[in-house]
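Visitor: Sharing a structure with you now.
Bear in mind that the values in this text are calculations on the coordinates, not laboratory data. Please read these numbers as outputs of a predicted model, since none were measured by experiment. Neighbour counts are summed over all protein chains in view; Cβ atoms, including those assigned to glycine, are modelled from backbone coordinates with ideal geometry.
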Amino acid sequence: MPSFDKYLENIWNRYSRDPAKVLVHTGTIGWALSSAAQITAILFNDKISAKEKTFLIPQETFDAAVNIGCFYGLTTGIKNFSKKLVTTGKILPKSIKKYMENSPFKHSYGKSSFNMEKDLTPLVSFEPYKKTYNAFKNIFTTGSTIGATVLSCNIVTPLLRNELASISHNTIVKRADEGKNQVFTKEELDNKDSKILQLHYKPALYNSHSSGMKV
């Protein structure tokens, strides 16, 4: 069985060279824990009827999938894109850009097929620039990832949840109007006293109910 020190060493080796990855993974874990807490709260809340729970728990589970998927997909995509901009040489600090202009790679850096780390690591002349390059890459990708988390948590995910909530509410009301076998009738869905349902299916109020993370 591996020791705790070995476990910490593995974590360090995994994340020390890529701080942006820490943001993505901890943020995703945070969404998962937040969603699990929301579902558990509904499950064990005696004030919510069994009838409402049969609707709310599957809906909250679906929300969790949207929240986690949107956050992880968007932040990972932007992190990888920003890293690609640096490793291909499209975005570099001035000192390294000046070095590149006087190197054998002056006509190839900046192209999508170029790889700074693969092509320049063996060169002795690039050794003085390695720390600057790694620091710039980490700062740029981490900053981009922070921006992605703000975009995901405060703009993209709420808009997506509202749209899905609107579709869900309209579908349920339509089926209730058609007289199909539903857990709730249209009257129950529109009943002002049924606050759980109002908060969950009315898009204008949706953000105040659904689980989420604030950045």
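Visitor: So, in Å, what gap is there between the alpha-carbon centers of region 22-44 and region 84-156?
Guide: 34 Å
Visitor: Can you give the extra length, in nm with one decimal, that the chain gains between residue 106 and residue 57 once fully stretched, where that is 0.36 nm per residue apart less the Cα-Cα distance?
Guide: Gain in length upon complete extension: 11.8 nm.
Visitor: For the pairs 6/83; 6/79; 98/131; 106/130; 94/118, flag any whose C-alpha to C-alpha distance is greater than 26 Å.
Guide: 6/83; 6/79
Visitor: Just to be sure I understand the model, the point goes 7 Å from the Cα along the line to the Cβ. What's the resulting residue 25 to residue 46 distance in nm?
Guide: It works out to 4.2 nm between the two label points.
Visitor: Residue 89's amide H: which non-local residues (gap 5+, or another chain) put their own amide H closer than 5 Å, with H modeled 1.01 Å from N in plane and none for Pro or chain starts?
Guide: Close amide H contacts, sequence-distant or interchain: 110, 116.
Visitor: For residue 66 and residue 146, what is the calculated FRET efficiency with R₀ set at 22 Å and r taken between the beta-carbons, to the nearest 0.05?
Guide: Working: r = 22 Å, r/R0 = 0.98.
Once the sixth-power term is evaluated, E becomes 0.55.
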